[in-house]
Amino acid sequence: MAGEKQQRIQELRSTYDELYAALNVDALQAERSELEGKMGEQGFWDDQESAQATVAQLKSVKAETDAFAGVASKLDDLEVLDELAESEGELAEVARELEAAEALMKELRLRTYFTGEHDALSAYVALQAGAGGIDACDWTEMMMRLLTRYAEGRGFEVELMDLLKEDTAGIKHATLHVKGRGAFGWLKSERGTHRLVRISPFDAQSRRQTAFCSVDITPEFDDDIEIELNDNELEFDYYRAGGAGGQHVNKTSSAVRITHTPTGITVQCQNERHQHANKRTALQMLKNRLYQAELEKRAAAASDSYATKSNMGFGAADRIRTYTLQPFTLAKDTRTGHEETNVQGVLDGDIHGFVEAYLKWAAAEAAKK
């Protein structure tokens, strides 16, 4: 058994070295040093917006480099522990530590599936209630909580950009800004229509109802992306901000909604205190959406995964996952076939199994072409 453990440790070390080179961790270390040096410069905080962007970038890079440093440290400790272990208790500890190291290595390996051009970027998450009435609005709010908890669990910062609540319960739509390196890569699996089947808490006869929520994930492209916006193609609406209030949404008259008339794409922003700030953010969000739409049009001929927006209901062509609470509990992905019976855990943000299955599935699909 000791020889088997030593072999597994050596295999982990070899895999670690391969992943270190494949993901170019040396470059990440250099970027980290550069960002830390920039933060130490005089006058760094004079430009608050630029400084906060640098801090966020450093936080993301540190998370990546610290992940590799943590695995390397565990492998070093494991090799020493294995050499010194003599009693049954010490050998059992080696086995436990070995399993923990293998789990960490599995997590690092997932990063090799981030081969998309924009996988390393932050992301915007837009949620829209579909068919299902009040149940759909309640389901959309549940999805917003699910995605927020998943993103925060991965160390990303989540900012609520826009929220429109339904009077009875739930929300009609919301936009989240998920900040951090790789946010789009980790969240892109959730793009599509999500279906919920349950006994409706809003039905006096306690009948089973089906509700739909559409989720759109867009990378946050650089500020200098070349998208021309013509004023005569934009419709601006200014309205009083509402929603959660408090620190989440300021209740002022500064909220901005922009509609791009040629495409029908609409964005909203109400999280800033001033109208001009909301307008600037909304325009950047619109440019991101238009840029993403253009990229998808170009890729449509070569990718079966591209789908236009559906009716977000029973005929939704982009329905990706069904969450069933009655008459049994099951969450199942229609693309990968991955399923989980602990639906409550999934609704609490534990979707890592679905994300992992999607990344592997997408890589296999890409390899076929």
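The HN-Hα couplings worked out from phi for segment 273-288 by the Karplus form 6.51 cos²θ - 1.76 cosθ + 1.60 (θ = phi - 60°) are 7, 10, 4, 5, 5, 5, 5, 4, 5, 5, 5, 5, 4, 5, 4, 4 Hz, whole numbers, x standing for Gly and Pro. Specify whether the C-alpha gyration tensor of segment 50-90 places it in the rounded, prolate or oblate class, a ≥ b ≥ c being the square roots of the eigenvalues: rounded for a/c under 1.5, otherwise prolate if a/b is larger than b/c and oblate if not. The shape class here is prolate. Using the Cβ-Cβ distance between Leu234 and Ala53 with R0 = 35 Å, the FRET efficiency computed as 1/(1 + (r/R0)^6) comes to roughly 0.85.
If we sort 163-169, 151-157, 117-123, 180-186 on the protection proxy, mean other Cβ atoms within 10 Å, highest first, what's the order? Each step should come with its number before you reach the end.
On the way: 163-169: 15.4, 151-157: 17.1, 117-123: 18.9, 180-186: 23.9.
So the peptides 163-169, 151-157, 117-123, 180-186, ranked by packing, come out 180-186, 117-123, 151-157, 163-169.
Couplings 3J(HN,Hα) of segment 185-195, computed from phi: x, 7, 9, 4, 5, 8, 6, x, 9, 9, 10 Hz, in residue order, whole Hz [Karplus 6.51 cos²θ - 1.76 cosθ + 1.60, θ = phi - 60°; x for Gly and Pro].
Using C-alpha pairs below 8 Å separated by at least 6 residues, the relative contact order for segment 2-113 is 40 percent. Between Leu84 and Leu295, the C-beta separation translates, for a Förster distance of 35 Å, into a calculated FRET efficiency of about 0.05. Determine, from the Cβ-Cβ distance of Glu152 and Glu4 and an R0 of 41 Å, the FRET efficiency 1/(1 + (r/R0)^6), rounded to the nearest 0.05. That pair, Glu152 with Glu4, gives E of 0.60. Among the listed pairs Lys38/Lys59; Lys74/Lys106; Lys38/Lys287; Lys59/Lys179, give every one whose C-alpha distance is greater than 19 Å. Among Lys38/Lys59; Lys74/Lys106; Lys38/Lys287; Lys59/Lys179, the Cα-Cα distance tops 19 Å for Lys38/Lys287. Ranked by the mean number of other Cβ atoms within 10 Å per residue, highest first, peptides 105-114, 22-31 order as 105-114, 22-31. Net length available on complete extension from Ala63 to Thr266 is 69.7 nm, with 0.36 nm assigned per residue and the Cα-Cα distance removed.
For the chain, what is the calculated [θ] at 222 nm in deg cm²/dmol (nearest 500), taking -39500 (n - 2.57) for each run of four or more DSSP H residues and dividing by its residue count? Let's see the in-between values first.
Working: 9 runs with 168 residues, N = 369.
It comes out at -15500 deg cm²/dmol, rounded to the nearest 500.
Each residue of segment 133-146 is assigned a 3J(HN,Hα), and the resulting list reads x, 4, 4, 5, 5, 5, 5, 5, 5, 5, 5, 5, 5, 4 Hz, derived from the Karplus form 6.51 cos²θ - 1.76 cosθ + 1.60 (θ = phi - 60°), x at Gly and Pro. When you restrict to C-alpha pairs under 8 Å that are six or more residues apart and normalise by the size of the chain, the relative contact order lands at 15 percent. Once backbone amide H atoms are built at 1.01 Å from N, Gly180 has Ser122, Ala123 as its partners under 5 Å, excluding neighbours fewer than 5 places away on the same chain. For segment 2-113, the Kirkwood radius over C-alpha pairs fed into Stokes-Einstein at 10 °C and 1.306 mPa s yields D = 99 µm² per second.
Since every read-out is calculated from the coordinates, none of them should be taken as a lab result. These figures come from a predicted structure and were not determined experimentally. No Cβ is skipped: glycine too gets one built from the backbone with ideal geometry, and neighbour counts run over all protein chains shown.
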